[in-house]
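Quick notes on the structure that follows.
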Amino acid sequence: QVQLVESGGGLVQPGGSLRLSCAASGTFLISINYMGWFRQAPGKERELVAQISIGGSTKYADSVKGRFTISRDNGKNTVYLQMNSLKPEDTAVYYCAAARANLYEYWGQGTQVTVSS
């Protein structure tokens, strides 16, 4: 199993920044090849925001390119999502997820991000 614990959400004004963290632990951690951040806004489907491979390759949703950065600290088994220039449409519950064999199997509990003045 893999356990994921997110932190760092909150309320921020438009144009502001937040950094989300996801601490991973568990016996299957060695088998994880992708870590990702997803988000789900009210009334919308969950969408992939950013992901990073075990080798460090990254992928972003078009809506966040140039504003969000995903990174990982392998020594701490932690993945980060730096979010800059936040917009009200970024408001959502953000989930950390871990993939084995390119399939996201493990999910965190989610952290709320609200962008509002």
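The values are calculated or read from the model by the stated rules, or taken from the named source; none is laboratory data. What you see is a predicted model, and the numbers here were worked out from it, not measured in a lab. Glycine gets a Cβ as well: all are built from the backbone with ideal geometry, and neighbour counts include every protein chain shown. All accessible areas refer to the heavy atoms of the entire protein, side chains included, with ligands and DNA or RNA removed. Shrake-Rupley method; radii C 1.70, N 1.55, O 1.52, S 1.80 Å.
Structural remarks
- Gap separating the Cα centres of the range 1-40 and the range 47-89, nearest whole Å: 9 Å
- Convex hull of alpha carbon positions in the chain: directionally averaged projected area 6.7 nm².
- Set against the 2.2 N^0.38 Å expectation for a compact globular protein, the range 32-74 has a Cα radius of gyration ratio of 1.21.
- Distance between the 7 Å Cα→Cβ label points at Arg100 and Asp62: 3.5 nm.
- Partner lysines for Lys87 [C-alpha distance under 22 Å; skip if fewer than 8 residues away on the same chain]: Lys44, Lys59, Lys65
- Surface composition of the chain: carbon and sulfur make up 49 percent of the accessible area, probe 1.4 Å.
- Qualifying GluC sites (Glu not before Pro) in the range 3-109, where qualification requires a DSSP coil assignment and no more than 16 other C-beta atoms within 10 Å, comprise Glu45.
- Theoretical FRET efficiency, 1/(1+(r/R0)^6), r = Cβ-Cβ of Thr69 and Ile30, R0 41 Å, to 0.05: 0.95
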